[in-house]
Amino acid sequence: MMWFVACFALMSGAESEPAKPDPSTTVLVVVGEPGESQYAEMFTSWADRWRAATVKAESSFISIGLTSAEMSIQEDREILRDTLAALEKDPPKTLWIVLIGHGTFDGKKAKFNLRGADITATELAERLAPLTCRTAILNCASASSPFVSELARENRVVLAATQSGYEQNFARFGGYLSQAIGDASGDLDKDGQTSLLEAWLAAAKQTQEYYDSNSRLATEHSLLDDNGDGKGTPADWFRGIHIIKTSKDESLPDGTFANQFVLVPGEDALVLSAELRQQRDDLERQLVELRQQKAELAEAEYLSRLEAILLPLAKIYQSAEQP
């Protein structure tokens, strides 16, 4: 097991530089039709938290649905269409799309309620199809589950506030997510920053705690999909950032890609170039795949493959730690 000790020795080197914000990240927050003043205040507050986190990250922030002036020119659905078309022409490296509001589902079509005409999951999928950048789509609305199967694809993370289109009561999940995304206390793996996976797990836990503390039956159960199969995984399948259950089709479990999305870098997080970050992400995915195969492999072969992943991973962190 000396190779295992060597990996940790490599990763415990010199002090790291503070992580630098990524200017190639864009956060698009779309606030839907609130319906009532109490929801308008709530949704505006959630959007403001996303704005604050984006400013802290020194990334680009775009909002739709927050001012009445917008509606005097175009409906929000048209503004969203034009915004996505503009991002297609000049895409960021990483795009976050946050939908805050209410949703509906009639048994066939799921919609996100905008001021004016709504947008369906199918239409949003069509609008997003030309975008190939790494993308996180966070639908914080009620009845949002059908968006997961419609939007899931490679190089995407898709979150929904509900596990079914029939969970149509007001969803509180988005409020907790807006708090967690910039909160360092959500850092489960102690790497100095809170990833999207960690923020989602914290928000899902706090959502359930709200219903439990009020002796109410939970009417929302969030899902996450980042392996592209469109099925989604609930938060209670995780212990820490690691998934403890496997699907019947033995597909790559959800969570790995979402853990690589970080909006607000921590002050003590490692600095990785785009090339090193890609190498790290690839190795982490290989590690997840190997863990799935562990029961099928002889111990010696498993350890050999594990070493082939951990040593390059350790060298990446060592290079990032060099003064």
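The values are calculated or read from the model by the stated rules, or taken from the named source; none is laboratory data. If you're wondering where the values come from, they're calculated on a predicted model, not measured in any experiment. Positions of Cβ are backbone-derived with ideal geometry, glycine not excepted, and every protein chain shown enters the neighbour counts. Surface areas here come from the heavy atoms of the whole protein model, side chains and all, with no ligands, DNA or RNA. Shrake-Rupley method; radii C 1.70, N 1.55, O 1.52, S 1.80 Å.
Give me D for the chain in µm² s⁻¹, whole number, from Stokes-Einstein with Rh from the Kirkwood sum over alpha-carbon pairs, 10 °C and 1.306 mPa s.
On the way: Rh = 20.6 Å.
The diffusion coefficient I find is 77 µm²/s.
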Can you tell me how the range 69-169 classifies by the Cα gyration tensor, rounded, prolate or oblate, using a/c under 1.5 as the rounded cut? oblate
At what distance in angstrom do the alpha carbon centres of the range 30-49 and the range 141-172 lie from each other? 19 Å
List the trypsin sites (Lys or Arg not before Pro) in the range 56-125 that DSSP assigns to loop (not H, G, I, E or B) and whose Cβ has at most 11 other Cβ atoms within 10 Å. Which are they? K108
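Given R₀ = 45 Å, what would the calculated FRET efficiency be for D236 paired with I73, taking r from the Cβ atoms and rounding to 0.05? Write down the numbers at each step before the final one.
On the way: r = 45 Å, r/R0 = 0.99.
Working from the Cβ atoms, E equals 0.50.
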Estimated [θ] at 222 nm from DSSP helical runs (n ≥ 4, -39500 (n - 2.57)) normalised by residues in the chain, nearest 500: -13000 deg cm²/dmol
Cα gyration tensor shape for the range 184-256, rounded if a/c is under 1.5, else prolate or oblate: oblate
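Given a 1.4 angstrom probe, what's the average accessible area per residue across the chain, in square angstrom? Show your work: numbers first, answer last.
On the way: 15800 Å² over 323 residues.
So the chain comes to 49 Å² accessible per residue, rounded to a whole number.
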Given axes a ≥ b ≥ c from the Cα gyration tensor, I'd like to know whether the range 96-242 is rounded (a/c under 1.5), prolate (a/b larger than b/c) or oblate. oblate
